[in-house]
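The values are calculated or read from the model by the stated rules, or taken from the named source; none is laboratory data. Here the structure is a predicted model, which means the values were calculated and not measured. Note that each Cβ is placed from the backbone with ideal geometry, even for glycine, and that neighbours are counted across all protein chains shown. Note: areas computed on protein heavy atoms with side chains; ligands, DNA, RNA excluded. Shrake-Rupley method; radii C 1.70, N 1.55, O 1.52, S 1.80 Å.
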Amino acid sequence: MIFDSDDQERIVKSIIKELNLNDKLYRAPSIHAAISRAKNELILPEDYPINTYRDEVVKRVYIDIKKD
């Protein structure tokens, strides 16, 4: 199945809610953009580099996306 950008952001938003994260602080478009950059750089979810708590959030969402 192929998802367009809106579908992908909707999935990210739902994962942010599932993880009980503040969706005002961790905006779906921003998290989605970080995951897209990682994919373009061929970085797997488990290898996503963590330097800040935001990076930790991106990694958690990225890992959840790959579970589906």
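Summary table
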item	result
Count - residues of the stretch 1-29 that are closer than 18 Å to Lys66 by Cα and not acidic (Asp, Glu)	16
Scope the stretch 1-36; condition free of Cβ contacts under 8 Å to residues at least 12 places away in the same chain, open to solvent by less than 70 Å² (accessible area, probe 1.4 Å) and assigned to a loop (DSSP other than H, G, I, E, B); matching residues	Asp23
Residues within the stretch 39-61 that are out of contact with any Phe, Trp or Tyr (no Cβ under 6 Å at 6 or more places or on another chain) and assigned to a helix (DSSP H, G or I), tallied	11
Residue count for the stretch 37-51, restricted to those that are in contact (Cβ under 8 Å) with a residue 12 or more places away in the chain and either surrounded by 14 or more Cβ atoms within 10 Å (Cβ to Cβ) or more than 13 Å from the chain's Cα centre (by Cα) (or both)	3
